[in-house]
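Read the structure below first, then the notes.
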Amino acid sequence: MNSIAGPAPTDEETPENFYRKTHPWGFWKRVCKKVLADNSNFKKNTNFVRDFANIVVGIVWQTCLVAAPIYLVCKEFTFAGTGLMIIIVCSIILYTNWYKKFED
């Protein structure tokens, strides 16, 4: 009888390296404890609210990046202009609240 085995478990170093590089928030308690044990200077990501707000702004930005040219082709210049203005505002918000806050 053949048993179907799932994928091999991920080695412990892979999620630890990912956690060190990306500083994700969420369900990473076990990995965070291991990283903190190795490096006591490591800081957890506590910027959930800011990151979530950036996700919402990014979704609006991406939607307008797609919709504005479509409105332009359809000669709906008012909607295309509105989309362009939203793109500019969202770009400024993302630049100041996301890009400028990257940590090396």
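Observations on the structure shown:
- Subset of region 29-79 [over 13 Å from the mean Cα position of the chain (by Cα) and aromatic (Phe, Trp, Tyr)]: PHE42, TRP61, TYR71, PHE77, PHE79
- VAL31 under 29 Å from TRP98 (Cβ atoms) and surrounded by 10 or more Cβ atoms within 10 Å (Cβ to Cβ): yes
- Sole exception among (1) surrounded by fewer than 13 Cβ atoms within 10 Å (Cβ to Cβ); (2) modelled with pLDDT of 90 or more; (3) not acidic (Asp, Glu) for THR82, by number: (1)
- Region 15-28, subset hydrophobic (A, V, I, L, M, F, W, C) and farther than 17 Å from LYS101 by Cα, residue surrounded by the fewest Cβ atoms within 10 Å (Cβ to Cβ): PHE27
The values are calculated or read from the model by the stated rules, or taken from the named source; none is laboratory data. Note that the coordinates shown come from a computational prediction; the quantities given were computed from them, not determined experimentally. So basically every Cβ, Gly included, is an ideal-geometry build from the backbone, and we count neighbours across all protein chains shown.
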